[in-house]
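Accompanying notes for the structure given below.
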Amino acid sequence: MASMATHFSAALFLLPIGLRRLFCSSSLYIKNPSLFRSKTWYLSETKWKNLDLYILTIALPIASFSEIFLFLSSNGHPAYRFSFTHQSLVLFLYWALIILFLLRDTIDPLTLNDNFLFILTGIVFFMEYTVIGNGISGHVGGVFYGLCGDLTIICGCCCLYLAIRPTAFFMEFCFCCGLVLRGTWFLQAGLCLYTEVFAFKGCHKIMVSPESENAELKCDLEEDGLRGVALVNLLFIGHAIGVLLVSFGVFGLLSSHRDSRHCEASGPLLTELHSDSALMRTLPEFELE
């Protein structure tokens, strides 16, 4: 976590994934609310439209091997090395999860269904919660990463709920908003904690020593630290309101163009749902005969 590049890369992945998921799930729900069923990943008709999925398949292994390299090259405290190992394990789990997304259509649906993938995704989110903010000291930095951890818990709970009730669009909407908010908040944390330009008044840039993972935001006075915490909470409220407005705007825009077809709302999933609906309508006729 202790770099601006890490926060920027996290935001670069989370923002498009969350927005794309919001766009696809909302268009599918608006097309026919009674047939809506949440999916772990909304595969498009053409492979190039899933560019974010394939980028993650390449980027996450690189990040995992980078963590392992840092682990092997570090000569710090054993707890420091354990932290790197823990983070690398979480990255490997995300990598394995993406591979399962890609193999979902080629494996027996009874063995690898969306319910199982949602449960696995929720577990990975909970594991990620245990590594967020590791080695970060300082009151302001702790508030930043505490809010990141809360968003991670919310995303994990949404996944577990969707595993039980995949037709709950409200929970799908919350999951999408959580992903987008995590992306914007990671970027905000990186700007405020690791740059001098966006640093809070009276607080100094986080200094990361090469021997340890510990990092802290130093404030000259206690009042500066309290003001920084208040600003962090205010920024988070602003981010949450902004994400909600964007999400409602996307939903409203799609509602005004119901005839447009996007993602799986116009692809194999919609065809399958319509065929199931047609079959259900014909069943009473056969029973009467």
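Any read-out appearing in this document is the output of simple, stated calculations on the displayed coordinates, not a laboratory observation. Not measured: the values here are computed from a predicted model. Glycine also receives a Cβ, built like all others from the backbone with ideal geometry; neighbour counts cover every protein chain displayed.
So the values come out like this:
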quantity: Peptides ranked, highest mean first, by Cβ atoms within 10 Å: ranges 113-121, 155-163; calculated: 155-163, 113-121
quantity: Potential extension, residue 153-residue 198 segment - 0.36 nm per residue separation minus Cα distance; calculated: 13.5 nm
quantity: Net charge contributed by nearby residues that have their C-beta within less than 15 Å of residue 247 (K/R +1, D/E -1); calculated: +2
